[in-house]
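Data first, discussion second: the structure below is written as structure tokens.
The values are calculated or read from the model by the stated rules, or taken from the named source; none is laboratory data. Everything numeric in this text was worked out from a predicted model, so none of it was measured. Surface areas here come from the heavy atoms of the whole protein model, side chains and all, with no ligands, DNA or RNA. Shrake-Rupley method; radii C 1.70, N 1.55, O 1.52, S 1.80 Å.
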Amino acid sequence: MPGAFAYRAFVSYSHRDRKWGDWIHRALENYRVPKHLVGSEGRDGRVPARLFPIFRDREELSSSSDLNEQIKIALEQSAYLIVICSPDAASSRWVNEEILAFKRLGRENRILALIVDGEPDAAARPGSGPARECFPAALRFRIGSGGALTNERVEPLAADARSQGDGRNNAKLKLLAGLLGIGYDALRRREEQAARRRARVYQAVAAAMALLALLAAGSAWFAFQKQHEAEYQRDQTLQAQSRLLTQTAADRLEKADVPVSTAILLEVLSRHRTNQSFDPAAISVFQEARARDRLLAVLSGHAGYVVTAVYSRDGARVLTASLDKTARIWDAATGTQTLVLGGHAEPVRSAAFSPDGKRVVTASADKTARIWDAATGEQIALLGGHMDVVESAVFSPDGKRIVTASADKTARIWDASKGRQTIVLSGHTDVVASAAFSPDGRRVVTASADKTVRIWNAETGKQIMLLGGNSGLMSSAEFSPDGRRVVTASFDKTARIWDVATGKQIMLLGGHTDVVESAAFSPDGTRIVTASFDKTARIWDAATGKQILLLSGHSDLVESAAFSPDGRRVVTASFDKTARIWDTAMGRQIVILSGHADTLTSSAFSRDGTRVVTASLDKTARIWDAATGKQILLIG
């Protein structure tokens, strides 16, 4: 039965019991089933090697009047329901609603309870006091044929994590046995055997250490101790940094920012790889980010979240990229869909027109980029060779080449007419987030999670410059219109301007109080606009580095900012579900583009500056009148 579901289980709990939710989520997903049990017949079929993924609701629902669609879909996609039981859970409306919703799916016999506080059935026992009841009402009573609770009592299958009950470890084993459909005794015996083996290993290690202590000379032992202490201090510092980054990644994940969360966690795991010590919390959040990626596919069906929307150069068409594994071309005048570019096996991360508008290149999580005929939708070439997610793909200014950026730590240059790889740009030590050609097409700039930006010769693949000095992951890098400078945006809350000829930092644009997500030059190269998670965008003098204007008004992080073709306006896209157009002379907000039902992922002006296109997680793109803010077309 679990094989037909996206999730092995759904964990329901009161948010006052969040520490228990965190613990059981990690414990279940990180548990490795004993090898001799894997593949054996359990209650639900063959026993798997892992219980992954487990869905855990991370959102507060107190402001809602009903369970939201994400929760309903996750419940439908879960084979089991685990309820963390406590007096807080018993009084939680939402825990009760989640139990009822699961029972109404006909899975009343697939609910497992974990008691962490209070007393079972205290409400029904004289003298116990209803305030100590730990079972929610929906757990204590059966539902009728109409879906409402009856007066018929049921006895929930419960594991008791309290010290006077099973204890935390045995309670975990009981839940595991229930989810795997095997006997509790089999798991407990295996756990006891493993504990005895660990004890023998510890004893052997202790004996070896004792022998080493006897054999070691005093001076050598002192040096060893000093080295051990230094390594311990480094490890402690590393763990503290990783815990902070992991929490940041978890916070970004709660805001549905899966790519940023994943990038941060890749840095955490990369640090720990060098130390041969993996942080279970980081792994847990990373697994949840991957699970959230799958959840997006479940939620979106065939019309997933729109992550990019751009105009063709002539302004006649709009190109969108979506997590539904497709890119689509639309008539910008009517909003009619003209082509579906389908063929990728995973979500499409980005899409771009060629300069002449005759072709489209898409980048995907399926480790490929693809070139398409923009008139017929026919796939022209498959760019295969990357070993991980392809984050972006863009044409060179003359349209003859394509550069791709990938999580496999490389960027690659391709012949756009033949689809043949010509150069591998190798040297980064972490995910390459973006890659772009210089205006003359002779160079490529790459930005990476390894905190560096690099400039390459686009003809030979030789690295020309290493732009270092950043203390955070690199979000983006872009050439100035004359190709003489590069502006970078970083997780260290700054943007920086670099001289391409010398590789020296010219300016530090400091003032933002959170991650700088993007930075871009104005069309004439005299100004720079930055977008930040601190809910603002800022305009800077590109010659002096002085902040000219603060664009403040969004109520959530600003995802992107772009100048109009004449440089007189800026459009910003935000997690607050709006885009806003600003006067770059006064810093005054001109119009608010309001109508999307979810986070905006990008916004861009048309080539004539009269319209703006926005892309959103509400699965649509929209076209707006840039002067009035009126919505012209809904795409999707």
Report summary line: Stokes-Einstein, Kirkwood over Cα pairs, region 369-410, 10 °C, 1.306 mPa s; D in µm²/s equals 141
Requested in this report: Scan around residue 536 for amide H atoms under 5 Å from its own, H built in the peptide plane at 1.01 Å from N, and keep only partners 5 or more places away or cross-chain.
Outcome: 558
**Report entry** Under 25 Å from residue 35, Cα to Cα: lysines that are on another chain or at least 8 residues apart
**Finding:** 172, 174
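Please pull out the direction-averaged projected area of region 436-539, using the convex hull of its alpha-carbon atoms, in nm² to one decimal place.
Values: hull surface 23.4 nm².
The directionally averaged projection comes out at 5.8 nm².
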Query raised in the report: How big is region 532-611 by the Kirkwood estimate over distinct Cα pairs, in Å?
Result: 12.7
Report summary line: Cα-based Rg/(2.2 N^0.38 Å) for region 101-147, rounded to two decimals, is 1.30
Report summary line: Taking Rh as the Kirkwood radius computed over alpha-carbon pairs of region 57-172 and applying Stokes-Einstein at 4 °C with viscosity 1.567 mPa s, one gets a diffusion coefficient in µm² s⁻¹ of 88
Requested in this report: For residue 493, list long-range residues whose amide hydrogen, built 1.01 Å from N in the peptide plane, is under 5 Å from its own amide hydrogen.
Outcome: 516
Report task. Would you kindly find the accessible area of residue 454, with a 1.4 Å probe and non-protein molecules such as ligands, DNA and RNA excluded, rounding to the nearest 10 Å²? Result -> 30
Requested in this report: Report, ordered by chain and residue number, the aspartates and glutamates lying within cross-link reach of residue 535, taken as a straight Cα distance under 14 Å and ignoring same-chain residues fewer than 8 apart.
Outcome: 514, 517, 556, 559, 576
Report task. Could you list which residues have their amide H under 5 Å from that of residue 350, counting only those 5 or more apart in sequence or on another chain, with H placed in the peptide plane? Result -> 363
Query - Stokes-Einstein D for region 63-113, Kirkwood Rh over Cα pairs, 10 °C, 1.306 mPa s (µm²/s) - result: 139
Query - region 344-471: Lys pairs at Cα distance under 25 angstrom, eight or more positions apart or on different chains - result: 16
Query raised in the report: For region 406-485, rounded, prolate or oblate, judged on the Cα gyration tensor with a ≥ b ≥ c (square roots of eigenvalues), a/c < 1.5 rounded, else prolate if a/b > b/c?
Result: oblate
Report summary line: Whole-Hz Karplus couplings 3J(HN,Hα) for region 112-124, θ = phi - 60° and coefficients 6.51, -1.76, 1.60, Gly and Pro as x, run 10, 9, 10, 7, 10, 6, x, 10, x, 6, 5, 5, 9
Query raised in the report: Using θ = phi - 60° and the Karplus form 6.51 cos²θ - 1.76 cosθ + 1.60, what ³J(HN,Hα) does each residue of region 410-422 get, whole Hz, x for Gly and Pro?
Result: 10, 10, 9, 10, 10, 6, 6, 8, 10, x, 9, 6, 10
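Restricting things to Cα coordinates, could you compute the convex hull volume per residue of region 313-427 in Å³?
Residue-normalised Cα hull volume stands at 83 Å³.
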Query raised in the report: Can you give the accessible area of residue 431, probe radius 1.4 Å, in Å² rounded to 10?
Result: 10
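Please give the per residue accessible area of region 397-538, computed with a probe of 1.4 Å over protein heavy atoms only, in Å².
36
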Report summary line: In order over region 381-397: 3J(HN,Hα) from phi, Karplus 6.51/-1.76/1.60, θ = phi - 60°, whole Hz, x for each Gly or Pro, gives 8, 10, 9, x, x, 5, 9, 8, 3, 8, 7, 7, 8, 9, 7, 6, x
